[in-house]
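Below is one structure; the comments refer to it alone.
The values are calculated or read from the model by the stated rules, or taken from the named source; none is laboratory data. These figures come from a predicted structure and were not determined experimentally. Glycine gets a Cβ as well: all are built from the backbone with ideal geometry, and neighbour counts include every protein chain shown.
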């Protein structure tokens, strides 16, 4: 499979007579930042859930980090990180306790956890807040922390489901800086987003419409192809043809 | 690997529970409050009944009987009237709950063929209270009559007197009934409500998703959730026992360990029930309401805490057989109050174990299927 961390071939999910994801195929290279775009109800979340081993495909194949999602879901889960659109850390635990919990879930040793946590917290400038309850942090901080927790155990791929919802542009820029840093260290980033300026930050993007991938290329190539200079317009031209919406 | 994960989760669950001080206070304070309420404030025994005497003609027997009533803890004589027409007024004004009405010429007629009579007129708006006070009064009258019958050699007057012996609870204290009931109620409420709410909370906040994409097995998450509430329930169990032994003076007549084993089974059952509710409920509020209505009401009505199940219509008795709390309460009564060896509670042990296994099995299956 070469340098591809995610390989998807004809992946399909059918709920009753509704085909949420319709034979999608793509691959993502190691260290790539892959943007997964689509209107609400286009099937993004369903596709992502299958790749994370949360939901079984109706048909089709996919490997994530070299493991088959149909037969090796446990191994897939061990090698990925996940951050969901709802801010997902425990609000009533402290910053450090959250790190400790998730690292513990992934089987890290306590000694390693505390050493690595100190390094990361210092780098984020959160070290003085390590005993603060997460609920009293500002949203931008929480998201940075959630991302750090998602990649703390050193996953091969990190799935980010609309990670920057609700924060200001400055915090978003800082967040993307962290994503770039992770990608440079070789972590593949699979990210869904609503913000078209964020789509520009990705190496390649795919746009889903009605359960199918209608476009997949670098942002620059897509803009050329659709004869426009904004991602917004590319997205709009594709999404306009959608039959279904939420 | 799995054990380490498990302990990471258990630590987290304890932090959730311990950090929420207010809930903690309610959890640990509830059994204390309930025992004290049931023990002292709410009582099915009736004392100091406001009693009026209707005495048309005073006589020696009337006087002695009245003194007996007055001396009893149950009655306090508020007034003595001589005119039958005043009775209605007493009840209407709320001056009396019971009127003991002697027939005219009570003393003289006692030894004539006409005979004497005593009527007991009770305010029956509270039926339980009414039957209790008339029963107490009948006993006093019966005692007195058989006393004078014996002394005068007129055995015929007394007839056959039942000789009543109250087993296991000689003083007829209601605490003997409610302590097992409160145990059954508290344990199931705390375990089921708290577990279901805490699982549903994770679904609501989205953290459950995070756990599911991790390599953790769902059973590890669920088991870890049960640990802190298991501990809280054991603390509650011991608190209730301590309060009932030292505050209400109800001894544990049977084996403490048998009682504890029974309670552990019941606690596990309740935790599993909470887990089952969490697979149905979508929000914390609905989890709370579901455990409230589905558990509180049946437990109150069908666990013999308030009402005797044996006197209910057949359909309700069948239904009550399905209520785990009922079997637990029966088991606790057998071991704690009656002091029977564990063998005699075998039926309760078996039924509760089977119920626990079934509920646990179903809830784990449902949990797996939903993921």
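Conditions (1) buried (at least 18 other Cβ atoms within 10 Å of the Cβ); (2) more than 9 Å from chain B (Cβ to nearest Cβ), marked per residue:
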{"site": "A:31", "(1), (2)": "no, yes"}
{"site": "A:35", "(1), (2)": "yes, yes"}
{"site": "A:42", "(1), (2)": "yes, yes"}
{"site": "A:88", "(1), (2)": "yes, no"}
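Checked against the criteria, residue B:340 does not count as assigned by TED's automatic domain parsing to the domain that holds residue B:186, over 15 Å from the mean Cα position of the chain (by Cα) and assigned to a helix (DSSP H, G or I). Part of a loop (DSSP other than H, G, I, E, B) and either without any contact (Cβ under 8 Å) to a residue 12 or more places away in the chain or within 40 Å of the chain's Cα centre (by Cα) (or both): does that describe residue B:134? No, not satisfied. In this structure, does residue A:179 turn out to be assigned to a helix (DSSP H, G or I), buried (at least 20 other Cβ atoms within 10 Å of the Cβ) and either within 13 Å of chain B (Cβ to nearest Cβ) or at pLDDT below 90 (or both)? Criteria not met by residue A:179.
Among the conditions (1) in a helix (DSSP H, G or I); (2) out of contact with any helix residue (DSSP H, G or I) (no Cβ under 6 Å at 6 or more places or on another chain); (3) touching a residue at least 24 places away in the same chain (Cβ under 8 Å); (4) surrounded by fewer than 16 Cβ atoms within 10 Å (Cβ to Cβ), residue B:47 misses just one, which is (1).
Per-residue answers, yes or no, for (1) assigned to a loop (DSSP other than H, G, I, E, B); (2) touching a residue at least 24 places away in the same chain (Cβ under 8 Å); (3) touching a helix residue (DSSP H, G or I) at 6+ places or on another chain (Cβ under 9 Å); (4) not assigned by TED's automatic domain parsing to the domain that holds residue B:36:
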position	(1), (2), (3), (4)
B:216	yes, yes, yes, no
B:223	no, yes, yes, no
B:243	no, yes, yes, no
B:252	yes, yes, yes, no
B:262	no, yes, yes, no
B:271	no, yes, yes, no
B:275	no, yes, yes, no
B:301	no, no, yes, no
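Under the condition of being assigned to a loop (DSSP other than H, G, I, E, B) and surrounded by 15 or more Cβ atoms within 10 Å (Cβ to Cβ), the residues counted in region A:99-134 number 5.
Does residue B:231 count as modelled with pLDDT of 85 or more, closer than 23 Å to residue A:99 by Cβ and away from chain A (no Cβ under 14 Å)?
Taking the combined requirement at face value, the residue does not satisfy it.
Can you tell me which residue in region B:1-24 is surrounded by the fewest Cβ atoms within 10 Å (Cβ to Cβ), limited to those that are within 8 Å of chain A (Cβ to nearest Cβ) and touching a residue at least 40 places away in the same chain (Cβ under 8 Å)?
Filtering region B:1-24 down to residues within 8 Å of chain A (Cβ to nearest Cβ) leaves B:1, B:4-5, B:7-9, B:11-12, B:15-16, B:19-20.
Next, only the ones that are touching a residue at least 40 places away in the same chain (Cβ under 8 Å) stay: B:5, B:9, B:12, B:16.
Numbers: B:5: 21, B:9: 22, B:12: 24, B:16: 17.
Only one residue tops the list, namely B:16.
Here residue B:217 meets the list (1) buried (at least 20 other Cβ atoms within 10 Å of the Cβ); (2) within 14 Å of another protein chain (Cβ to nearest Cβ); (3) more than 19 Å from residue B:23 (Cα to Cα) almost entirely, failing just condition (1). Within region A:59-79, restricting attention to residues that are within 14 Å of another protein chain (Cβ to nearest Cβ) and in a loop (DSSP other than H, G, I, E, B), the residue that is nearest to residue A:28 (Cα to Cα) is A:65. Is it true that residue A:82 is assigned to a strand (DSSP E or B) and either surrounded by 15 or more Cβ atoms within 10 Å (Cβ to Cβ) or within 13 Å of another protein chain (Cβ to nearest Cβ) (or both)? In short, yes. Taking the criterion of being modelled with pLDDT of 90 or more, more than 14 Å from chain B (Cβ to nearest Cβ) and loosely packed, with under 14 Cβ neighbours inside 10 Å, would at least one residue in region A:186-206 satisfy it? For region A:186-206, residues modelled with pLDDT of 90 or more, more than 14 Å from chain B (Cβ to nearest Cβ) and loosely packed, with under 14 Cβ neighbours inside 10 Å: present.
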